[in-house]
Number of protein chains: 2
Amino acid sequence: MENISLNKHISGQFNAELGDIRNRVLAMGGLVERQLEQSLDALATLDAELASKIIEGDHKVNGMEVSIDEECTRIIAKRQPAASDLRLIIAISKTIADLERIGDATVRIAKAALEKRTNNQQPLLVSIESMGRHATHTLHQTLDALARMDADAAFELHKSDAKLDAEYEGIIRQLMTYMMEDPRSIPGVLDVLWAARAVERVGDRCKNICEYIIYYVKGKDVRHTSYEDMEKDLQE
Amino acid sequence: MENISLNKHISGQFNAELGDIRNRVLAMGGLVERQLEQSLDALATLDAELASKIIEGDHKVNGMEVSIDEECTRIIAKRQPAASDLRLIIAISKTIADLERIGDATVRIAKAALEKRTNNQQPLLVSIESMGRHATHTLHQTLDALARMDADAAFELHKSDAKLDAEYEGIIRQLMTYMMEDPRSIPGVLDVLWAARAVERVGDRCKNICEYIIYYVKGKDVRHTSYEDMEKDLQE
């Protein structure tokens, strides 16, 4: 495994380009994290103005995805990177796709906040909020691991997604009971259900990003592998 | 816009590698298409054996994703492709991610077929089957457009996803009415709802693949752009 150092390049310009693209993906992550936090605020308080702001703001996330991706392609064509440099660019190019989809999830959460029929679902919204804070924390830690390119942290975060999944399953059961007890609530509860689903998907996206971090640091593609095998890869 | 020809390479070996990777992504697409067809069969007939076969078969799709992705990285590092060759590899690397997720959708459909409580939802399953056949047809045509790298066909397919979305909305309304009329049916109907959602997502994945085809052929990233702008890009 070659030693990873971003400072090893003869070309200072190439170095600067890699640094710049890392900063840009972290800035995109920061924006997505804020959108997620605010979409959960909007849902908890049914704040239509904030929800609309989030929906409008999604184009910024989309724009960042396209421009970072373009820069990745430009660097590959111009600099012909190999080894860890190439892995960095590939990891970044995959990460921004997942960040963009977390952005889509925040739009879905914000849209649930705009639905008038969710008004009566206050007790359900509380469960989602708690799950949502958990997902926001996971995203924050994932972005931290990405900033530090910390494969061990990424591995721990990857495993911790099971907790968010369990929380989600609990919410779905709760929503089901609610609907069965009061069938008139079904349309409103379904809106809440889509929001819960969107939050759960944020965890999946974070897991993907953790896989890219491990790929960059360890040079191993750990997608679709068991935790046992991942652990072995990390020890190598 | 440079002229795209897969036969322009001095290196016959590089040529062969690009041809090979194109064939492999089409083979992966073919496998995913069969999985989708069979998962819909399994749901329509509640065939548990077939459903289990699909769930087990998903690791093949995952394995293809990982190995094609590895080959893409290897080619970039070794051949240092530029222009349309680089775009081809990037388009392929993104396409396989979406194909893998269509594979995940087939697993979700197959799992709904395994749920005993869907047994009583026969009329609902008929609606999903019809929507599912539509999605399978879209996937088939998308893979055709990919094989021929036909940007115009990709554009038409992209627009046609709105029909699948409308079909999905209709099914959700139908499921809602069903649950309100018979609250005991709610758990079973939710299983059907997740399957419907998975089918709808297949259409979204096909749309993504169409965007990569246009990116390869036209050199334009048309994600998040309006149909008006896409049309302009296609005419250039």
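The values are calculated or read from the model by the stated rules, or taken from the named source; none is laboratory data. Small disclaimer: the values here were computed from a predicted structure and weren't measured. We place every Cβ from the backbone using ideal geometry, glycine too, and count neighbours over all the protein chains shown. SASA here: full protein model, heavy atoms, side chains in, ligands and nucleic acids out. Shrake-Rupley method; radii C 1.70, N 1.55, O 1.52, S 1.80 Å.
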For this session: Kindly check whether there is at least one residue in region B:130-138 that is at pLDDT below 95 and more than 27 Å from B:Y212 (Cα to Cα).
Result: yes
Problem set entry | Identity of the residue in region A:59-72, crowded, with 19+ Cβ neighbours inside 10 Å and under 16 Å from the mean Cα position of the chain (by Cα), that ends up nearest to the other protein chains (Cβ to nearest Cβ) | A:E65
For this session: Tell me which of these A:R197 doesn't satisfy, since it passes every other one: (1) under 30 Å from B:R74 (Cα atoms); (2) at pLDDT 95 or above; (3) within 11 Å of chain B (Cβ to nearest Cβ).
Result: (1)
Exercise. Considering region A:184-236 alone, what residues qualify as being more than 24 Å from A:K94 (Cα to Cα) and aromatic (F, W, Y)?
Worked result: A:W194
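Hey, among B:R108, B:R101, B:R87, which residue is open to solvent by 40 Å² or more (accessible area, probe 1.4 Å), part of a helix (DSSP H, G or I), within 19 Å of B:C210 (Cα to Cα) and out of contact with any Cys (no Cβ under 9 Å at 6 or more places or on another chain)?
Unique residue meeting the criteria: B:R101.
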Exercise. Quick one: what pairs do we get from region B:43-61, first residue among the charged types (D, E, K, R), second modelled with pLDDT of 95 or more and outside any helix (DSSP H, G or I), C-beta under 9 Å, 6+ apart or different chains?
Worked result: none
Problem set entry | Failed condition for B:I54, given (1) in contact with a Gly (Cβ under 8 Å, 6 or more places away or on another chain); (2) open to solvent by less than 50 Å² (accessible area, probe 1.4 Å) | (1)
Seminar exercise, completed: Filter region B:116-156 for residues that are over 16 Å from B:Y216 (Cα atoms) and of a type in the set (A, V, I, L, M); the one that is farthest from the chain's Cα centre (by Cα) is B:L124
Seminar exercise, completed: Restricted to region B:73-95 and to residues being at the interface with chain A (Cβ under 9 Å from one of its Cβ atoms) and of a type in the set (K, R), the residue farthest from A:D98 (Cα to Cα) is B:K78
Exercise. Would you pick out the residues in region B:179-218 that are farther than 24 Å from B:H140 by Cα and touching a residue at least 12 places away in the same chain (Cβ under 8 Å)?
Worked result: B:S185, B:P187, B:G188, B:V189, B:D191
